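First the structure, in the form of structure tokens, and then the observations on it.
The values are calculated or read from the model by the stated rules, or taken from the named source; none is laboratory data. Computed from a predicted model, the values in this text were never measured in an experiment. No Cβ is skipped: glycine too gets one built from the backbone with ideal geometry, and neighbour counts run over all protein chains shown. Surface areas here come from the heavy atoms of the whole protein model, side chains and all, with no ligands, DNA or RNA. Shrake-Rupley method; radii C 1.70, N 1.55, O 1.52, S 1.80 Å.
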Amino acid sequence: MALMTAVPPTDSNLRGGFPETRPSALQGVQGEDEAVRTRAVETIVSVYWKPVYEYIRLRWRAGHEDAEDLTQGFFARAIEKDFFRGFEAGRARFRTYLRVCLDRFIANARQAQAREKRGGGALVLSLEADDGREALGVDAAPDEAFDREWVRSLFTLAIGGLRAEYDASGKSLQFALFAAYDLEAGDAGGADGGLTYADLGRVHGISATTVTNYLAAARRDFRRIVLAKLREITATEEEFRAEAILLFRSSPPPDA
Amino acid sequence: MPEPPLPDAVIARLQFRCEEPDLAACGHLLGPELGRGGMGVVYRAHDPELGRDVALKVVPVADADRPDALERLRREARTLARLEHPGIVPVHTVGVLPDGRIFYTMRLVQGERLDRFAAAGPDRPLPEMLRLFVRVCETVAFAHAAGVVHRDLKPANLMVGAFGDVLVLDWGLAHSAGDGISPRRQGGTRGFMAPEQESGDAGEIEPRTDVFALGAVLRFLAGCGGRPTPNALRSIIARATATVPASRYAAVSDLAADVLRFLDGERVTAHRESIWERLTRLIRRHRVLLGLVLAYLVMRAVLFFFLPG
């Protein structure tokens, strides 16, 4: 596989062009079609860049720049060594597999740095992992951060996809309502700030019932896009369903 | 200018809004989640019109776009509506949420799942557990008479009420004769699933499939608390869980009848007794009568040997 540059997802490429629903990227990276593999790797990198970065910061106590370099290095190495192809669906979740390999990579990188400081030999980084089932044995907090960032990445991508879809189909008002009520936090407005459907209706010159219907449709479309994205980054139906349950399970927010 | 990352509060709100059923249209007020399975999420809900709490089952959000999952829940509601029996939770309403998910409301039942009930009281006498089992059999036999095979009977799907009533829950996998839908590809629970169900042999799904699962439930109940299982009961379990369907009890009522015979100290059809087993069973069964005869004989002996003349 040709070496590609791992590019951190910018807000423009996260929120702008959401790819159409495709089959699992994890199957795509294992195929022979170069174009499909490239697109599959881009999908994986776009979803996992920030979770990996946050995990490195917390688990490995790296500073901002160090964490960015290690994230970049991890994905570059993964692409160079075709590491995503080593994932065996059914043995573990991809998230677990990736985290185990990430730990291995960082540990090796740190070891190599220490050798360099002591004037040691050549730098050898390995991504090889026994398999995705290996216990991590780390504090809960970095794991939670990884999972939280994973959800944030998926939701950010889905919001970008929803906006692109609604702009293309002339539903900017529906997106504006969704953004105002569901995406604004705290004092800035939204449900936390005491905004009601009637308030939104008055602002946009429509009835509260129409606001209700538009919001229900937007949430339904948002969910559809999130699930389509999730399907792309899971390998099996079982993994998809288990991840979907985790993705949407949460305690009610204060405004619920 | 790059947009700031989504705040945690917004993520939590989106997670909740995506899963939370919007009940505004049906006039119910949503309560806490009560349970979650592969085919549905169950919430407590309040019906302000009638002033009562109900249970509301809805297709999980992960399956919202799967027509087969939506149809399955609708079919489950229809099946339950057909089966009016004290051992089956009655359905109140079926509807579609604004996001397209199917839901239905049913009576909110109070009780404990049979597996937890058994774990909480491992010392409960075997006859008590067997009488609960017979009630489950009666409910399942009623469903079979209506042409419905449950296909997912297990302790977690049986609920023991506060007054000893037993409810058979989760009819999501039920197969109704004549609904034209092949049961193939649908799941079940390992350990309680008949071999023909596990192999996906749709042609073999019949009441004997439930007989197998009930046999596994009986094995679970008999083994609670680590007590030894009597031979006759072991034979009942073996016949109910035979690999070949034709070797099992032909009907759930036959299984229940054998368990009742065991409870009454009668000979069970599934077990070939040894003479010693037969003797001990008869002694146990007629112990009161035997006690009286023995007392009479002792009294006569005392009178004969110790009274003058």
So B:VAL94, is it open to solvent by 60 Å² or more (accessible area, probe 1.4 Å), under 28 Å from A:THR210 (Cβ atoms) and at pLDDT 85 or above: yes
Top-ranked residue in region B:211-248 [being under 18 Å from the mean Cα position of the chain (by Cα) and of a type outside the set (A, V, I, L, M); ranked as modelled with the lowest pLDDT]: B:CYS224
Flag if B:ARG107 is touching a Pro at 6+ places or on another chain (Cβ under 7 Å) and either open to solvent by less than 10 Å² (accessible area, probe 1.4 Å) or within 11 Å of chain A (Cβ to nearest Cβ) (or both): no
Of the criteria (1) assigned to a helix (DSSP H, G or I); (2) free of Cβ contacts under 8 Å to residues at least 60 places away in the same chain; (3) of a type in the set (Gly, Ala, Ser), which one B:GLY100 fails: (1)
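Any residue at all in region B:43-54 that is of a type outside the set (Val, Ile, Thr), crowded, with 21+ Cβ neighbours inside 10 Å, within 24 Å of A:TYR214 (Cα to Cα) and away from every other protein chain (no Cβ under 12 Å)?
No, there is no match, as no residue in region B:43-54 is of a type outside the set (Val, Ile, Thr), crowded, with 21+ Cβ neighbours inside 10 Å, within 24 Å of A:TYR214 (Cα to Cα) and away from every other protein chain (no Cβ under 12 Å).
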Unmet criterion (only one of (1) more than 17 Å from the chain's Cα centre (by Cα); (2) part of a helix (DSSP H, G or I)) for B:GLY200: (2)
Qualifying residue in region B:25-37 (condition: assigned to a loop (DSSP other than H, G, I, E, B) and either open to solvent by less than 20 Å² (accessible area, probe 1.4 Å) or of a type in the set (Val, Ile, Thr) (or both)): no
Top-ranked residue in region B:224-233 [being under 18 Å from B:SER274 (Cα atoms) and in contact (Cβ under 8 Å) with a residue 12 or more places away in the chain; ranked as surrounded by the most Cβ atoms within 10 Å (Cβ to Cβ)]: B:LEU233
Qualifying positions in region B:79-97 - within 19 Å of the chain's Cα centre (by Cα) and either touching a residue at least 24 places away in the same chain (Cβ under 8 Å) or not in a strand (DSSP E or B) (or both): B:THR79, B:LEU80, B:ALA81, B:ARG82, B:LEU83, B:GLU84, B:HIS85, B:PRO86, B:GLY87, B:ILE88, B:VAL89, B:PRO90
Only listed residue being more than 9 Å from every other protein chain (Cβ to nearest Cβ), loosely packed, with under 14 Cβ neighbours inside 10 Å and under 26 Å from A:GLU243 (Cα atoms), chosen from B:ARG66, B:ARG74: B:ARG66
